[in-house]
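Heads up: the structure comes next, in C-alpha cells.
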Amino acid sequence: MSNLVILQKIQRISGAWHGLFRTVQRVAHEPLGALGLFLVVFVLISAIGADWWSTHEPNQINVRAAFASPSLEHFLGTDQLGRDIFSRVLVGGQIALKVSLISIGVALLIGLTLGLIAGFGPRWVDNILMLLFDSVRSFPTVMFALAVVTLFGPSLTTIMIIVIVTQIPIYGRMVRSQTLALKNSEFILTERAIGAGFFRIIFVHMLPNVIGPLLILASMDIPFVITIEAGLSFLGMGVRPPTPSWGTILNDGYSYIYNSPWPVIAGGIPVILTTLGFTFLGESLRDVFDPKLRKDA
Amino acid sequence: MASANILEITNLNVGFVTERGTLKALRDVDLTIPNGAIVGVVGESGCGKSTLINSIIGLLANNAQVTSGAMIFEGSDLLSKSEQELRAIRGQRISMVSQDPMTALNPILSIGTQMIDIQYRNASSRDEKRARSINMLSRVGIPDPETRFNDYPHQFSGGMRQRIAIAMALQVEPTLLIADEPTTALDATLEVQIIRRLNDLQQNMGCSILFVSHHLGVIAELCDYVVVMYGGEVVEQGSVRDIFHRASHPYTQKLLECDPASIAQATHSLPTIPGEVPNLDELPSGCIFFDRCDHSYDSCQRSHPRIEQIEAGHWIRCPVLAQQQTS
Amino acid sequence: MLFYFIKRVCLGILTITVAVSVLYTMIHLVPGDPVKTILGPRASPEIQAQIREKMGLNDPLPVQIVRFLGNVAQGDLGQDVFKRKSVNTIVFEQLPHTIYLVLSGIGWAILIGIPLGCFAAVFQNSLIDRIVGILSVSCIAIPTFLVAIYSVLLFAVTLKWLPAIGAGDGSLLSYIRHLVLPAFAVGLGWVGYLARLVRASMLEVMGEAHVRTARAFGLKEQTVVFKYILRLAILPTITLIGMGIGILLSSAVFTEIVFARPGIGRLIYEAVTSRNYPVVMGSVLVTTVLFVVSTTFADLINAIVDPRLRTKD
C-alpha cells in the first residue's frame, strides 16, 4: 500500500469520525435532542457498568428487609423477597439492552437481505414478500408472541425470536423501497450500462444511502423492542425468575402493589426513561438528517 | 380620471424578510386598471407577478413587508384594510382564477358545494344560489350542468376544471377578475377556447381583468393594456399596440424577439436573452437589466432609472432608449 | 361502489382462511405428537387414540384444515378441552368486554387527539405546537401496560378514586366506573399517534393550492380550516385506526390482565398458558375476523368520505 493510499484511508476514517462528531453536535443543539442524548448515555452507562454500579447481589434474598422504602442502603427500596431493587433494575437494563441490540441487529440484517431480494428480484417474489411483511406487521404482536411462547416455552431466546420476526418487515420494507428507487434511477442505469457488477452497485452505491435511514429506524425501534421485552416478561413469557428483567420486576411489584409502591415505580421508571430517551434522540436524528421533516422548514 | 380606474396601484414596495436579508420582491410598482379593461402583466418567473397578485388580494406570506405604496380599489386603499374587510372583498368584488386547474379545487367536496359556499355572503336562498351557479356553469360551456353540479373535481378534465374555476370566479359578478396564468397548464387548443370564452364573458359582464401570463400571443389577443415586469420592477407599460408594435424597453424588445411565434425563418438555434434574472436580495445599484442589455452605458450602472413617459400612456424605465424615442 | 364492497369482503374471507390454515399448520408442526400437545401429558394412551380418531387427526393435514374451516363456516369452533363448553359460547361471552374497552379507548383518543393535532397545525411553531409535539411523542413512547399499572397505582391504590380490578357488579354505572382507567390506558398512546398524524396531515393539506383558492374567495377562516382542510386531513387517520386494530388488541391483552378485566385478551392469555388449544384457535380466529372486519370497515369509510376512491377500481 502506497503512502498516498494510507493517507486517503486515514482521511476517510477521520472524515467519518468528524461527521459523527458534527452530527452529535447538531443533535445536542436541540433541547429535545440534548435530553435524548443525555438519557441514552445515562442508560447505556448504567447498563454496561451494571456490575460496577450495583450495591447488592441482585438475587440475594433477605425476607426481613422486604418492602423497604428507598434508603441509603437500598437506593430504590426492596421487593417482596427483600432483594435490592436498584441492583435488579441495573441488571434488567443490561438484559433489555442486550435483547434489543441483538434482536434489532439480526432483524436488520435479515430485513436488509430480504429487502434487497424483494427489490432486485422478480415481481412475484416481491409480491409474496410484501404480503408476508404486511401480514406480520398488522397481526397483533401479543397474539403472535403468545403463540410462539406456547410452542417454544418462555425464555429470553423466545423473546428475541419474537422480536426479530416482528421487526424484520420494518427494515425489509425500507430497504426494498430504497432498492426500487435506486434500481430505476438514472445513475444506476448508467452504471449498469458500463458493466458495473451487482455487488458493486449494492456496496458502493446503495448501502451508503441506506445506512443512515436504517440507523435512524433502528434507534426509533429500540424503545419499541424494549417495550415488547418488558411487556412479555411482565406476562411471564420472557426471562424466568429470578432473573431480573424490568418486566419481571414490574410483575412482582404489581402483585404486591398494595404492600409497597416502590418496586412498581422503580421497575417502570427505567423503561420510561429509556424509551423516551431513545425516542427523543431518534426524532432529533431524523430532524438533523432530513430537513424536509423539520418543523420550521 | 380617478373614478374611471377601478384599481390604482402607486409606488408599491414589497419585501420578504428572510435569514439572508430582505428580498425586495416589488419595487416602485405603479399599475392602473381602467374600468372594463383587460390589463396584461408579462414577465418571466421571479419577476414579481405572484407577489403582485398576493398583494392585491391580501394573501401575502407572514414574512412579507409592504414598505410603501397604495392600492386604491373602489375608492379605498386595500393596504389599509383589516383582514375582515379584505375577506368581504375577496370572492365578491375581486375574484381570482389560479394557474393549475388540477389542484385548485378541493378534491372531496363537490363543485356545487364549493360554488355555493363562495356565495355565503349573499342573502339569497340556497336554491337561488344553486340556480345562479348552474347558470354560470352553462355560460362557461360545461355540458349538462344540472347533473354535473354534484360531481367532484376529479371527474372533470383539466380544461373543464379551469372553466369551472372561471365560473366560480365570475358567478358573483366581481368588479375585478385576477387571472393568474390561467392557461399555462392547458394545451394550445384548450387555451384558445378558454381565452375566447373569457373574452365573451368579460364583454358581457363588463368587469375588468388583470391577466397575468408569460404567453405573449394570448396577451396580444386578449388585453387592452400591457405591463411588462422584470426582477420586481415595471419596466414598460402601455396599450397593447404600444407594446407589441413599438416596444421600447430593451427587455420587452428581447422578449418579443425570443417569442417563437415571431420567428419568421426556420432555424436551429432559438434566440435567448443571455444572463440570468438577478438575485432579489443582492440588487444592483443601477438598472436591473444592465448585465443583459445591449444598449447599456456606464451611467446605467450608476443610477437607478426612473420610469418615464415616451408617448401618451406609454412608459418605459430606460433613460437611454427613452431619450432616443423622444428626440 | 357495491362491487368494491364485495371485493373487499371476499379478500377478507381469503385472509381469514389463510390465517387459520397457517395457525393450524403451526400447531401441527410442533415436534412431537399433536394429540399429546393438545391434551397435555397427562392423558392416557387409550384416550389419546380415541381423541385422535375422534378429532380426525389421522387424516392428512389439508383435509383437517378444510374440515375445521367447514366447521367454522357453520359456526362450530370446537369444544373447550377442560370445561367441555363450546368454544363459541366462551369466546362470545368475553368478546363484548374487549370491544367496549377498545371502542372507549379509541373513542376518547379521537376526541382529544384530533383537536390537539388540529391546533398544533393551525398554530404551527407556537408554544402549543411544541408542547403537543413533546406530549405526543411521550404518549407514544410509554408502553400501555405501564400506563395501566401507574394509573392503578395513582388512582386506585393511592387516591382510591377508581376501582382497580374487574368489570363491576353488573350495573351500568359500575361497569362504566370500572372502564375508566382501562380505557385511559388503551387510549393514551393513540392520543399521541392521532395528534401527530393529524398535525402532519393538516400541514400537508394547508400547503396545497386549493386551500389558497378557498382563502382567495374570502371564505371564513373557520370554514376553511374545518370544512376544507380538516375534512381532507382526517382521511389518513381512518386508515390508521383501521390498521391499528392489531395494536389495540395487544394493548387490550395487557390492560385486561393488569385490571383483571374479562375479555378476549385475557381469555387468550389464559388459554395459551393452560394449553387450551381449541379456545386458542377459536379466539385467534375471532380476532382475525375482527381484524379483517376493521380494516374493511376503514376502507369502506374511506371510500365514502373520499370520492376519489370510489371510481378508482
I'd like the FRET efficiency for A:Asn127 and A:Phe152, computed as 1/(1 + (r/R0)^6) with the beta carbon distance as r and R0 of 25 Å, rounded to 0.05.
0.25
Charge dipole magnitude, Cβ of K and R +1, D and E -1 - the protein assembly as shown, Cα centre, debye nearest 20
2320
What angle, in degrees between 0 and 90 and rounded to the nearest 10, separates the Cα long axis of helix B:158-170 from the longest principal axis of the Cα atoms of chain B?
90
Taking chain A as a Gaussian network, Cα atoms linked when under 10 Å apart, which of A:Gln60, A:Gln167, A:Gln11 shows the biggest mean-square fluctuation?
A:Gln11
In whole Hz, with x marking every Gly and Pro, tabulate ³J(HN,Hα) for region B:299-316 from phi via Karplus 6.51 cos²θ - 1.76 cosθ + 1.60, θ = phi - 60°.
4, 4, 7, 7, 10, 6, x, 9, 7, 10, 8, 9, 7, 4, x, 10, 10, 9
Can you give the Kirkwood hydrodynamic radius of chain C from its Cα pairs, in Å with one decimal?
22.3
Checking B:Lys49, B:Lys129, B:Lys81 against a Gaussian network model of chain B (alpha-carbon springs below 10 Å), the top fluctuating residue turns out to be B:Lys81
When chain A is treated as a Gaussian network with springs between alpha carbons less than 10 Å apart, the largest mean-square fluctuation among A:Leu101, A:Leu20, A:Leu217 is found at A:Leu20
So for each of B:160-171, B:200-211 I average, over its residues, the number of other beta carbons within 10 Å; can you give me the resulting order with the highest mean first?
B:160-171, B:200-211
So what is Rg over Rh here for region B:180-327, counting just Cα atoms and using Kirkwood for Rh?
0.99
Considering only the other residues whose Cβ falls under 13 Å of the Cβ of C:Ala195, what net charge follows from Lys and Arg at +1 and Asp and Glu at -1?
+2
I need the helices of chain C that pass two filters: whole DSSP H segments spanning 30 Å or more by Cα along the axis, and mean Kyte-Doolittle score no lower than -0.5.
C:2-29, C:87-122, C:172-206, C:277-305
Against the longest principal axis of chain A, how steep is helix A:156-183, in degrees 0 to 90 to the nearest 10, with axes from Cα atoms?
20
Tell me the mean residue ellipticity at 222 nm calculated for chain B from its helices only (DSSP H runs of n ≥ 4, each -39500 (n - 2.57), averaged over every residue, nearest 500).
-9500 deg cm²/dmol
Treat the protein assembly as shown as a sphere of radius equal to its Kirkwood radius over Cα pairs and apply Stokes-Einstein at 37 °C in a medium of 0.692 mPa s; give the translational diffusion coefficient in µm²/s, rounded to a whole number.
99
Mean shadow area of region A:90-168 over all directions, Cα convex hull, nm²
5.6
Residue-averaged beta-carbon neighbours from other chains (10 angstrom radius) around C:144-151
6
Tell me the mean residue ellipticity at 222 nm calculated for chain A from its helices only (DSSP H runs of n ≥ 4, each -39500 (n - 2.57), averaged over every residue, nearest 500).
-25000 deg cm²/dmol
Averaged over residues of A:225-236, the number of beta carbons from other chains lying within 10 Å of each residue's Cβ is 3
Roughly what angle does helix A:31-48 make with the longest principal axis of chain A, taking Cα atoms, 0 to 90 degrees, to the nearest 10?
60
How much net charge surrounds B:Val172 when only other residues with a Cβ under 9 Å from its Cβ are counted (Lys, Arg +1; Asp, Glu -1)?
+2
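Only the coordinates and a few stated rules stand behind these numbers; no lab work does. Remember, it's a predicted structure, so these values are computed and weren't measured experimentally. In this analysis, Cβ positions are derived from the backbone assuming ideal geometry, glycine residues included, and neighbour counts consider all displayed protein chains.
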